[in-house]
1. For the condition open to solvent by 60 Å² or more (accessible area, probe 1.4 Å), aliphatic (A, V, I, L, M), in contact with a helix residue (DSSP H, G or I) (Cβ under 9 Å, 6 or more places away or on another chain) and under 27 Å from ILE169 (Cα atoms), what is the one hit in ILE110, ILE138?
2. Inspect all residues belonging to the range 16-37 and state whether any of them is open to solvent by less than 50 Å² (accessible area, probe 1.4 Å), at pLDDT below 50 and in a helix (DSSP H, G or I).
3. For residues in the range 32-50 being under 17 Å from TRP157 (Cα atoms) and without any contact (Cβ under 8 Å) to a residue 40 or more places away in the chain, which is nearest to the chain's Cα centre (by Cα)?
4. Among LEU114, LEU103, LEU153, which is more than 20 Å from LEU79 (Cβ to Cβ) and touching a residue at least 12 places away in the same chain (Cβ under 8 Å)?
5. Considering the range 134-151 alone, what residues qualify as being at pLDDT 95 or above and of a type in the set (D, E, K, R)?
6. For the condition under 19 Å from THR44 (Cβ atoms), in a helix (DSSP H, G or I) and at pLDDT 95 or above, what is the one hit in ALA92, ALA84, ALA131, ALA80?
Amino acid sequence: RLQDCGVRAKQPARAAGRGRQGTVYNSRAARLPRARGQALAARTRDDAAGASSAFALARTEIQGNLQDEPDRAESLSVLAMIDAALGRKDEAINEGRRALQLLPATKDAINGPLIAEYLAVTYAWVGEREAALEQLKIAVKLPSDLGYGQLKLHPFWASLRCYPEFEKIVVALCT
């Protein structure tokens, strides 16, 4: 995941420095607004205003992508996470669920698991802990790079780490 490299390494300034306008592609060829990376870096720095501004910019860009391809599940799943970060709970959940309906892992073994993971993140970010944990249980069973290290370290999962149910999912990945 290109945009996450600085965030994962706990170097949000490095990730934020990639902040030119435009679209980048992750390792699965999903189109990601560059502003999304800036927003994630700002969120990691606890810069709420910067994150909100960058997420709003990313939302505008991803909506443009969806005008061209309204049923592109990858873009819908990214929009769901962005809307979750912006506090648009109902929209975020509906977009995430629709993305998973459009492209489940049984239909696309590369992008489907990512969409399942992003739905779990979306649930977590809107405060739907139980739904997030249930979706995460599904997502970790799919072939993807979602594993122990990412769950333990990636900021996506910070809001769930204090729950014993989350820790059970993480420990189960070690066995």
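The values are calculated or read from the model by the stated rules, or taken from the named source; none is laboratory data. All values reported here derive from a predicted model rather than from experimental measurement. Quick reminder, even Gly has a Cβ in these numbers, built from the backbone with ideal geometry, and neighbours come from all protein chains shown. Heads up: the accessible areas ignore ligands, DNA and RNA and are worked out on the full protein's heavy atoms, side chains in. Shrake-Rupley method; radii C 1.70, N 1.55, O 1.52, S 1.80 Å.
1. Values: ILE110 fails: in contact with a helix residue (DSSP H, G or I) (Cβ under 9 Å, 6 or more places away or on another chain).
After applying the criteria, what remains is ILE138.
2. Yes, because at least one residue in the range 16-37 is open to solvent by less than 50 Å² (accessible area, probe 1.4 Å), at pLDDT below 50 and in a helix (DSSP H, G or I).
3. Filtering the range 32-50 for residues under 17 Å from TRP157 (Cα atoms) gives 36-37, 39-46.
Subsequent filtering for residues that are without any contact (Cβ under 8 Å) to a residue 40 or more places away in the chain retains 37, 41-42, 45-46.
On the way: GLY37: 11, ALA41: 13, ALA42: 15, ARG45: 17, ASP46: 17 Å.
Step by step, filter the range 32-50, then rank; the result is GLY37.
4. Among LEU114, LEU103, LEU153, only LEU153 is more than 20 Å from LEU79 (Cβ to Cβ) and touching a residue at least 12 places away in the same chain (Cβ under 8 Å).
5. GLU134, LYS137, LYS141, listed by residue number.
6. Criteria check complete, one pass: ALA84.
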